[in-house]
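The values are calculated or read from the model by the stated rules, or taken from the named source; none is laboratory data. Computed from a predicted model, the values in this text were never measured in an experiment. Cβ placement follows ideal geometry from the backbone for every residue including glycine, while neighbour counts extend to all protein chains displayed.
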Amino acid sequence: MKFFYTAVVLVLVLMGCSDRQESRSGVEISPQDTTVADSVVVGPPESFSRDATSMGQIVYVPVYSHIYQQDREKTFNLTTTLSIRNADPYRSFTILKVGYYDSKGSLVQQYVDSDVRIAPLASTSYVIEERDLRGGVGANFLVSWQSEQAVVPPVIEAVNISTSNQQGISFLSVGRVIQESSSTGRDTEQ
């Protein structure tokens, strides 16, 4: 029985080996054109699916300066870290605006005064401190970014956390694309 399992494993391993591999987009690429990172085969930029790339977006990220506990009179204050991560291993993009808005939709603070370039696989973050309650329970960020060429869109999300009074809470808020931008990326004011 042990021999049988060893033979099955060997056959499966041999079936997985070949001189050519297929990328996720279905384009066949040769081994010299691939990069292996954490056992994931990534092909050259030309092999990326055009449906999975963008030249710019406006992304809405819900965040919370505090949340209610027990009733509307008692709140739990949170620290929020907005994280903007370049998921493209080959190309950079530029952050144009990072606006923080309160529950009424009013701009509380603009975090980017000039364009911020994010290198391939790099990231940046912006923090709302726990004592800063200006945003309220309906706070949000609008992030506007652009690239000179199509890139894998960045991962934009926020971690909301607190560990006050021997209690701990943390949760993730994921950004949602609300607009694909034109090639200039500046067609919508925030």
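For this structure, a couple of remarks:
- Region 64-102, subset out of contact with any Ser or Thr (no Cβ under 9 Å at 6 or more places or on another chain) and part of a loop (DSSP other than H, G, I, E, B), residue nearest to Ser181 (Cα to Cα): Ala87
- The residues listed here are Tyr90, Tyr60, Tyr126; of these, the one that is under 19 Å from Val152 (Cβ atoms), modelled with pLDDT of 95 or more, of a type in the set (Phe, Trp, Tyr) and surrounded by fewer than 19 Cβ atoms within 10 Å (Cβ to Cβ) is Tyr90.
- The set of residues in region 116-137 that are touching a residue at least 40 places away in the same chain (Cβ under 8 Å) and over 14 Å from the mean Cα position of the chain (by Cα) comprises Val127, Ile128, Glu129, Glu130, Arg131, Asp132, Leu133, Arg134, Gly135, Gly136, Val137.
- Some residue of region 118-126 being touching a His at 6+ places or on another chain (Cβ under 7 Å) and closer than 30 Å to Gln166 by Cα: no
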